[in-house]
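**Student:** Take a look at the following structure, please.
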Amino acid sequence: MKVGTCSIPDGTALARFRDSGEYTHAEAAEAVIPGNGRIDARELARLTMDRPGLTPERASRLVDLWIRVQGVLLRPLGVKPNTMRDGREQPLPEVGGRLGPYEVFEASEDEVLLGDTDALLEHRMSFVVADGKAFIGVVLRTRNKAGDAYWEQFRHNQTQLLHESLRRGLSRAVGDGGETNGRETAADR
């Protein structure tokens, strides 16, 4: 599956967030939905955010331990720890709910906008499905020098993380022949 870098699609909630003020980083990736696969943005977001890291399953227990340590060490600094652990399947996103570590701001068949704001960063991520393509994009605003330092540590991996996340979400969503893998999507109803 070919995934490429693109601009954030115009007219999306993520584009509105990007355009609402200065930002540190904005980026998106796109891929054609394979075969005749039908997937909506809510299912794509759920499947992509279900254990989204690039961590091999054999290292999951170490990651889970690190997430617990992260909660103890970073919470007093105002940083919300990642909550992706124990291999729990993520629910379909609903406005006001959470998907992984992020609050869901918008959720429709066309776009899911997630994000969070903490002492260091204001972060939004969007999953968009339109015209036979799937998109994932991020907009990041650092809030202070500590946020700038945090971003500096992770910026080198952002493009790879977006591409791999979209590839993984689509691979989970679309099986052989373009059928969705066992879950009914809004497009099927």
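The values are calculated or read from the model by the stated rules, or taken from the named source; none is laboratory data. As the structure is a prediction and not an experimental result, all values here were calculated from the model. Heads up, the Cβs are rebuilt from the backbone with ideal geometry, glycines too, and the neighbour counts pull from every protein chain shown. Each accessible area value is taken on the protein alone, full model and side chains, heavy atoms only, with ligands, DNA and RNA left out. Shrake-Rupley method; radii C 1.70, N 1.55, O 1.52, S 1.80 Å.
**Student:** In sequence order, what are the phi-derived ³J(HN,Hα) couplings for segment 120-129 according to the Karplus relation 6.51 cos²θ - 1.76 cosθ + 1.60 with θ = phi - 60°, rounded to whole Hz, with x for glycine and proline?
**Tutor:** 9, 9, 10, 10, 10, 10, 9, 10, 10, 10
**Student:** Please list 3J(HN,Hα) in residue order for segment 103-112, calculated via the Karplus relation 6.51 cos²θ - 1.76 cosθ + 1.60 where θ = phi - 60°; whole Hz, with x for glycine and proline.
**Tutor:** 3J(HN,Hα) across segment 103-112, in whole Hz: 6, 8, 8, 9, 8, 9, 5, 8, 8, 10.
**Student:** On a full-extension model of 0.36 nm per residue, what is the gain between ARG98 and SER171, subtracting their alpha-carbon distance, rounded to one decimal in nm?
**Tutor:** 24.0 nm
**Student:** Could you work out how far apart the two model spin labels at ALA146 and CYS6 are, taking each label as a point 7 Å from the Cα in the direction of the beta carbon, and quote it in nm?
**Tutor:** About 3.8 nm, to one decimal.
**Student:** For ASP131 and VAL72, FRET efficiency with R0 = 41 Å and r from the beta-carbon atoms, rounded to 0.05?
**Tutor:** 0.35
**Student:** Give me the one-decimal nm value for the distance between modelled label points at GLU22 and ARG155, 7 Å along each residue's Cα-to-Cβ direction.
**Tutor:** 1.4 nm
**Student:** Whenever you get a sec, line up THR5, THR142, THR159, THR12 from highest to lowest accessible area (probe 1.4 Å, protein heavy atoms).
**Tutor:** Heavy-atom accessible area, descending, gives THR5, THR159, THR142, THR12.
**Student:** Please grab the % of Cα pairs in segment 87-130 that end up more than 18 Å from each other.
**Tutor:** 27 percent
**Student:** What are the residues whose amide H is under 5 Å from the amide H of HIS25, where those residues sit 5 or more places off or on another chain and H is modelled from the backbone?
**Tutor:** LEU140
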